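Below is one structure, written out as structure tokens, with a few remarks after it.
The values are calculated or read from the model by the stated rules, or taken from the named source; none is laboratory data. Since this is a predicted model, take the numbers as computed values, not measurements. A quick note on method: Cβ atoms are made from the backbone with ideal geometry, for glycine too, and the neighbour counts reach across all protein chains shown. Each accessible area value is taken on the protein alone, full model and side chains, heavy atoms only, with ligands, DNA and RNA left out. Shrake-Rupley method; radii C 1.70, N 1.55, O 1.52, S 1.80 Å.
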Number of protein chains: 2
Amino acid sequence: MKIGVLGSGQLGRMLALAGIPLGHTFAFYDAVLSPSTRGLGERCSGPFSDIAQLRAFAAPCDVITYEFENVPCQAAAALAALKPVYPPPRALEVSQDRVVEKEFFRSLGISTPAFRAASSAEDLLLALQELGTPCIVKTRRMGYDGKGQARVSSREEAARAWEELGSVPLIVEALVPFSRELSVIAVRSTDGQARTYPLACNIHRSGILHRSEIPAPRAPQKLIQEAHDIAAKILNELSYVGVLAVELFEAGGRLVANEMAPRVHNSGHATIDCSVTSQFENHIRAITGMPLGSVVSRAPAVMYNVIGTVPDTQQLAALPNVTVHLYGKEPRPGRKVGHITLLSPSAEDAGAVELLVRGAQ
Amino acid sequence: MKIGVLGSGQLGRMLALAGIPLGHTFAFYDAVLSPSTRGLGERCSGPFSDIAQLRAFAAPCDVITYEFENVPCQAAAALAALKPVYPPPRALEVSQDRVVEKEFFRSLGISTPAFRAASSAEDLLLALQELGTPCIVKTRRMGYDGKGQARVSSREEAARAWEELGSVPLIVEALVPFSRELSVIAVRSTDGQARTYPLACNIHRSGILHRSEIPAPRAPQKLIQEAHDIAAKILNELSYVGVLAVELFEAGGRLVANEMAPRVHNSGHATIDCSVTSQFENHIRAITGMPLGSVVSRAPAVMYNVIGTVPDTQQLAALPNVTVHLYGKEPRPGRKVGHITLLSPSAEDAGAVELLVRGAQ
């Protein structure tokens, strides 16, 4: 099949590297093309508002998918009139607005932090009073990697946050006293089969994912089951096809949903090396109507994001059980330029990778 | 780095799929370009005798490698004057002529079947007398997948074989009463480090590899050590860089070398799915001067070649622990169009894959 991907970054790159062995070809559409998918298929640049150009892009494709959740819903809807678009455009609608998303979670009985919508500085102050301080204030739309959010503890900070976040509609969230951040990655096929990868435990630095451990250590079966149930509810409600990620807080032995991503997810990159079938291959299997592959881990793994600068790959590659994945991008501060997977990590190897990865930043 | 590959088939495809995540780009040169590497790099078609065109191809490359062993030695030598060519061109010289190859093995103390060179029909008869019948008669050059060889038991068959093989220089080999065919795949880096994958056990049908099991079952440590020693002798003698495969007969608990391939090898395809670092990634690591990756198997695996027709990938993908690898080629009788890897094979799953793969042929 010919698979059209909206977006052209590293997720598109890894989707193509997983799909080419299955006999598929790829085409990428993006507002600004990333070098990550250079050489892996046709590439077309244009605004996502240009529906005619998007239609021309989709015409020779058998199926359309996307690798970032800020694809305009109008674009996805226009394409869905022509070709199958997976995951379904409704997943975009839900995930693009943090208030809609949390209301959606609650409608399914999934716990979320307490929250309020705020459309003005006055709303924001009112929400602070109701939820108590400190709160996390986020733009309803377009935030990622810790951008578009602020922690607010006073009326003064609230006024400043309203200005700094651009005087746009916000969500105000009560702070959840969580013990750690987890994510669950699941996949659902066109015939409604679903599988869920082992939970990942995620450590962020400066708002960007730094390290994911899969499976998450010391996760009791009850917690795993709760995560599976959360994923299953979302997949079924949306008649979802493809890979879905849900970011979760573990708080007092229970899970609280933070946000979902209707796509392959950074916390699942280790599945390339540790799983029988990676999240990328399973996404491709799902959207092309193939049976899903096994989500079983063959070995525990830790993934480290490579951010800003490429570390010494010679030293990294010399460590046993290390796999290096570079994205073909020019290094730039804060940019994800690759990731490192360490299989069956010993404390010593993990320390060595951590030093090399952090040393480069 | 930019890696120039002589040849453009499925081995080139899998080298590119392993090298792209390491940040490399690829270019392919072939007399007739195969669709297998379409979309994975620049592609240039021309005869291997056109040294000027080959030089132009190599000019922007950082290193040159090859994916088939019949690259003319003159072409490799001309390129080696410009750029590093790995594996070293001498490996091509040795492996292109079955007599030179067996003399080379013997010079290193590696057992081979008894053999004679035959440059005429008379030589052939004389060799038959000396070695006894039946014998295997092969062209000295250009044979592969059982082509260019015949089994000869009488003077009449000898005369017919001489005609049918094209009246070209031959090698006559005594039949080895082997219990099974094994192969050893090893890799050596630019600084002389070497690693050896677990032995593979290979089953052929109609002269073409049908199935490889890795690790080879019931292989005593002494046999494994003997295979490692054979690989090490060849690697060191040739100051080899890259992946080398040696096909072996197991006969009476000892190993007899049949032939070597100075490249990634069909019997190592399962390493994509079962090894920490695949033969393809380790070849790329070696020729680009990186430290080698781990050759440890994370699970036993069986690889099945897909020959002629693509089987029902839906049914195959529905089996647990199956990975499908297609090469993007048009199906044609006798053509290798893909392979299937089955991890941690149960007898039941292996039977199901075998049926599906053979049913398609």
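For chain A, a Gaussian network of Cα nodes joined below 10 Å ranks A:MET14, A:MET260, A:MET290 by mean-square fluctuation, and the top entry is A:MET290. Estimated at 0.36 nm per residue, the fully extended path between B:THR309 and B:ASP191 surpasses their Cα-Cα distance by 38.2 nm.
Given 37 °C and 0.692 mPa s, compute D for the range A:308-361 with the Stokes-Einstein relation, Rh being the Kirkwood radius over Cα pairs; round to the nearest whole µm²/s. Approximately 289 µm²/s, per Stokes-Einstein.
Surface calculation, 1.4 Å probe, protein heavy atoms: A:VAL276 sits at approximately 20 Å² accessible. Modelled spin labels at B:SER119 and A:ARG332, positioned 7 Å past Cα toward Cβ, are 6.6 nm from each other. For the range A:67-107, with equal point scatterers placed on the C-alpha atoms only and solvent neglected, what are the log10 I(q)/I(0) values from the Debye formula at q = 0.35 1/Å, to two decimals? Computed log10 I(q)/I(0) values: -1.18.
Summed over both chains, the area buried between B and A is near 2500 Å², taken from the accessible surface of protein heavy atoms with a 1.4 Å probe. Most mobile of B:ARG263, B:ARG205, B:ARG140 per a Gaussian network model of chain B (Cα springs, under 10 Å)? Of the options given, B:ARG205 has the highest mean-square fluctuation. Note on A:GLU103 and A:ARG218: the model spin-label points, each 7 Å out from Cα along the C-beta direction, lie 3.9 nm apart.
Over all directions, the average projected area of the alpha-carbon convex hull for the range B:180-360 comes to how many nm²?
10.3
In this view, the solvent-accessible surface of A:CYS201, computed with a 1.4 Å probe and all protein chains in place, comes to about 20 Å². Of the listed residues B:ASP229, A:ASP349, the order by accessible area with a 1.4 Å probe, largest first, is B:ASP229, A:ASP349.
Between A:ILE51 and A:ARG358, the FRET efficiency estimated from the beta carbon spacing at R0 = 60 angstrom works out to 0.85. For the range A:114-174, the square roots a ≥ b ≥ c of the C-alpha gyration tensor eigenvalues yield an a/c under 1.5, which makes the shape rounded. In nanometres, what is the gap between the two model label sites at A:VAL296 and B:GLU164, each 7 Å from Cα along Cα-to-Cβ? The two pseudo-label positions are separated by 4.6 nm. At full extension, A:LEU126 and A:ARG151 could sit 7.4 nm farther apart than now, given 0.36 nm per residue minus the alpha carbon distance. Stretched out straight at 0.36 nm per residue, the stretch from A:GLU348 to A:HIS204 would grow longer than its current Cα-Cα span by 49.7 nm. Rolled with a 1.4 Å probe across the full set of protein chains, the surface gives A:THR288 an accessible area near 20 Å². Taking a ≥ b ≥ c as the square roots of the eigenvalues of the alpha carbon gyration tensor, the range B:166-265 is oblate, as a/c is not under 1.5 and a/b does not beat b/c. At 1.306 mPa s and 10 °C, plugging the Kirkwood radius over alpha-carbon pairs of chain A into Stokes-Einstein gives what diffusion coefficient in µm²/s? Diffusion coefficient, whole number: 75 µm²/s.
In the protein assembly as shown, Rg over Rh equals 1.03, where Rg is the alpha-carbon radius of gyration and Rh the Kirkwood radius from pairwise Cα distances.
Protein-only accessible surface at a 1.4 angstrom probe places the residues B:GLU103, A:GLU101 in the order B:GLU103, A:GLU101, largest first.
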